[in-house]
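The values are calculated or read from the model by the stated rules, or taken from the named source; none is laboratory data. Computed from a predicted structure; not experimentally measured. Every residue, glycine among them, receives a Cβ derived from its backbone with ideal geometry; neighbour counts consider all protein chains shown. Each accessible area value is taken on the protein alone, full model and side chains, heavy atoms only, with ligands, DNA and RNA left out. Shrake-Rupley method; radii C 1.70, N 1.55, O 1.52, S 1.80 Å.
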Amino acid sequence: MADARRAIPSIEALLASPALEPLLRRESRSRVVALLRAIQADVRAGKADHGEAESYAVELEQRLREADRPSLHEVINATGVVLHTNLGRAPLSAAALRAIDEVARGFSNLEYDVEAGARGSRYVHCETLLTKLTGAEAALVVNNNAAALILALNTIAMSRPVIISRGELVEIGDSFRIAEIAERSGVALREVGATNRTHLRDYEQALNGAAAILKVHPSNFKATGFVAEAAATELAKLARGADIPLVHDLGSGLIESLEDLGLTGELTARQALAAGADLVTMSGDKLLGGPQAGIILGRSKWIAAMKRNPLCRALRVDKLTLAALEATLLSYARGRARSEIPVLRMLALHRSELRERATRFAERIGGRVIDGESAVGGGAFPEAGLPTSLVVIDAPAAILEAKLRAGTPPVIARIANERVLLDLRTVLPEQEAVLARLIANAV
Ligand SMILES: *Cc1c(COP(=O)(O)O)cnc(C)c1O
């Protein structure tokens, strides 16, 4: 250790050495000096060992690469979970990316009415498409579905009770609890029924003085066995009779039914509105396949009141989101959603196609193929398993999985029975070659 300390070259000597010359042509001197000091400190502390200037140069390059790498970056999703909240939910369509590029590159008519030559509203941009696609009277887009719920509850029921079934007081993802969201929205929840069973009469008995009825999609949670819930149509009738609105948080939110893919049991936004909900809220980046957004659909009267609520400004959506959402909605309006929106394309991938891709890929990397299931994710269709083909790599799983995660880009895979499994359903076709190279490096 004493020898190593003595051998530490001075900053001046390092800066003057030919080994650092190319680096100094590229990077600012102050940046290089700061990094050299950090490396020297590690050497003194015995955490690193560098003797010659060449060794410092290699370490410098490494540290510069790390420092220049964005914290938020691409990963390859080989988990087969299509809507993975930790992995950024829905990948965007090519049209959505083009729309973002156009609007972000320069100026836009975000809040400018070009025809009138006067100030406009950002809220007009997706409203017509949303009402056409869902049959809603009016629509409003905010930051996300949590924001949609906060805005709706705060606007409708500030300081007043909102009726909710105890079976729907769920926690969704990390730290999103319906009860806490309601509390922060300034409304008092009036809980009715039991965890497993809530009947229409439970709501009926709680109507006195209530400002709204809230129905919440239980997301990833499914109660089975001795269970009962009031149907949306019944709740709507009850709410109408009491002259209060029914708010239905659909969660994932479907624009078009996915029944032909075997995905049943979720209402589309149109169906939820037709069942009598006065307001429907849903996410933009779950099954809809667009950017993070909260979509509120329903009665003009309530949408207008929400736009006037000062909270609307705090929860408002930005222009990049609006651009991407509008392009995504246009794919639906043109009847091209299944072919253009990545989430729907992945969900619709046929078994035989997945097997073919997996077989080809397994040959390429020296793996084998087994049958398995992909998941929808995002709280939608929690019990649906989509038949898929998995590529199994016969190598020690924990080590391989860690190596794959350390790649550029990182590969996020599944582990089962001590083996790494890859589900190509969620791997974009253009990522396959990179994935094969990353696996070859890791094995
Ligand atoms: C996902 C989800 C939310 C939260 O939506 P975000 O867009 O993530 O804010 C709320 N309610 C339900 C039922 C959900 O599934």
Does segment 119-148 hold any residues that are part of a loop (DSSP other than H, G, I, E, B), under 21 Å from Ser283 (Cα atoms) and more than 16 Å from the ligand (Cβ to nearest atom), and which are they? His125, Gly135, Ala136, Glu137
Is at least one residue of segment 179-194 more than 13 Å from the ligand (Cβ to nearest atom) and part of a helix (DSSP H, G or I)? yes
Could you give every pair whose Cβ atoms fall below 8 Å, whose first residue belongs to segment 71-84 and is over 20 Å from Gly290 (Cβ atoms), and whose second residue is modelled with pLDDT of 95 or more and among the polar types (S, T, N, Q), counting only separations of at least 6 or pairs across chains? Ile76/Gln431; Ala78/Thr426; Thr79/Thr426; Gly80/Ser374; Gly80/Thr388; Gly80/Thr426
Only one residue in Ala96, Ala116 is among the small types (Gly, Ala, Ser), open to solvent by 60 Å² or more (accessible area, probe 1.4 Å) and either modelled with pLDDT of 95 or more or part of a strand (DSSP E or B) (or both), so which one is that? Ala116
Leading residue by the ranking (nearest to the ligand (Cβ to nearest atom)) among those in segment 296-308 that are surrounded by fewer than 17 Cβ atoms within 10 Å (Cβ to Cβ) and not basic (Lys, Arg): Ala305
Residues (more than 16 Å from Phe221 (Cβ to Cβ), touching a residue at least 40 places away in the same chain (Cβ under 8 Å) and open to solvent by less than 60 Å² (accessible area, probe 1.4 Å)) located in segment 150-203: Ile150, Leu151, Ala152, Leu153, Asn154, Thr155, Ile156, Ala157, Pro161, Val162, Ile163, Tyr203
Only residues that are open to solvent by 20 Å² or more (accessible area, probe 1.4 Å), out of contact with any helix residue (DSSP H, G or I) (no Cβ under 8 Å at 6 or more places or on another chain) and closer than 21 Å to Val82 by Cα: list them for segment 410-428, please. Arg414, Ala416
Would you check which residues across segment 309-325 are assigned to a helix (DSSP H, G or I) and either among the basic types (Lys, Arg) or surrounded by 21 or more Cβ atoms within 10 Å (Cβ to Cβ) (or both) and list them? Arg313, Lys319, Thr321, Leu322, Ala323, Ala324, Leu325
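Okay, residues lined up against (1) farther than 19 Å from Pro382 by Cβ; (2) within 16 Å of the ligand (Cβ to nearest atom):
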| site | (1), (2) |
| --- | --- |
| Asn220 | no, yes |
| Val227 | no, no |
| Ala230 | yes, no |
| Ala236 | yes, no |
Residues to consider are Ala314, Ala269, Ala293, Ala277; find the one that is within 16 Å of the ligand (Cβ to nearest atom), of a type outside the set (Asp, Glu) and touching an Asp or Glu at 6+ places or on another chain (Cβ under 9 Å). Ala293
If I go through segment 253-267 residue by residue, how many of them are in contact with a strand residue (DSSP E or B) (Cβ under 6 Å, 6 or more places away or on another chain) and surrounded by 21 or more Cβ atoms within 10 Å (Cβ to Cβ)? 3
Quickly run through segment 158-178 and pick out the residues that are part of a strand (DSSP E or B) and away from the ligand (no atom under 16 Å from the Cβ). Pro161, Ile163
In contact with a Lys or Arg (Cβ under 6 Å, 6 or more places away or on another chain) and in contact (Cβ under 8 Å) with a residue 60 or more places away in the chain: which single residue out of Asp285, Asp249 fits that description? Asp285
